[in-house]
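Okay, so here's the structure we're looking at.
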Amino acid sequence: MHFFSRFSCAMQPLSRYILTRGIFLSCALLVSALLMMVWAGAHTPDTRMLYEYADYTVTMAMAVMGAGLFGALAMEDMIRRAT
């Protein structure tokens with residue numbers, strides 16, 4: 001999390017919390033998709049469903065990352081307007 005040390009004075013703690021948790025959850029989803037694809041092995045008709053699950057998990061990782069970014073941005077804006 002050295003990347004966020006530059007923003008420590010610029011970001012509010014709650015906004016940073018939302019952003020970091022979104023990043024952690026997105027990384028966890030991407031790792032689980034990778035594990036599904038490794039576990040599936042070669043592309044056969046039997047493993048087609050696992051590849052579809054992995055594709056859906058990657059899509060949801062992007063959605064979680066986007067929601068975390070927009071959520072942190074909205075929280076930062078609300079906090080700055082309130083003070």
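We did not get these values from a lab; they are worked out from the coordinates using the rules stated. Bear in mind that the values here come from a model prediction, so they are computed numbers and not experimental data. Reconstructed Cβ throughout: ideal geometry from the backbone, glycine too, with neighbour counts over all protein chains shown.
One table, with the values for the structure above:
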quantity: Calculated over the chain: convex hull of Cα atoms, volume per residue (Å³); calculated: 75 Å³
quantity: Surrounding net charge for Glu76, when Lys and Arg each add one and Asp and Glu each subtract one, Cβ distance under 15 Å; calculated: +3
quantity: Sum of side-chain charges, Met36 neighbourhood, beta-carbon under 11 Å (Lys, Arg +1; Asp, Glu -1); calculated: -2
quantity: Helix-only CD estimate at 222 nm, as mean residue ellipticity for the chain, using -39500 (n - 2.57) per DSSP H run (n ≥ 4); calculated: -27500 deg cm²/dmol
quantity: Most positive-pole-ward Cα, Gly68, Leu35, Tyr51, against dipole of the chain from beta carbon charges; calculated: Gly68
quantity: By average C-beta atoms within 10 angstrom, highest first, the peptides 64-72, 49-57; calculated: 64-72, 49-57
quantity: Extension gain from Gln12 to Thr83, taking 0.36 nm per residue of separation minus the Cα-Cα distance; calculated: 24.4 nm
quantity: Phi to ³J(HN,Hα) by Karplus 6.51 cos²θ - 1.76 cosθ + 1.60 over the stretch 57-70, Hz, x for Gly, Pro; calculated: 5, 5, 4, 5, 5, 5, 5, 5, 5, x, 5, x, 5, 5
quantity: Peptides 11-20, 34-43 ordered by average Cβ neighbours within 10 Å, highest first; calculated: 11-20, 34-43
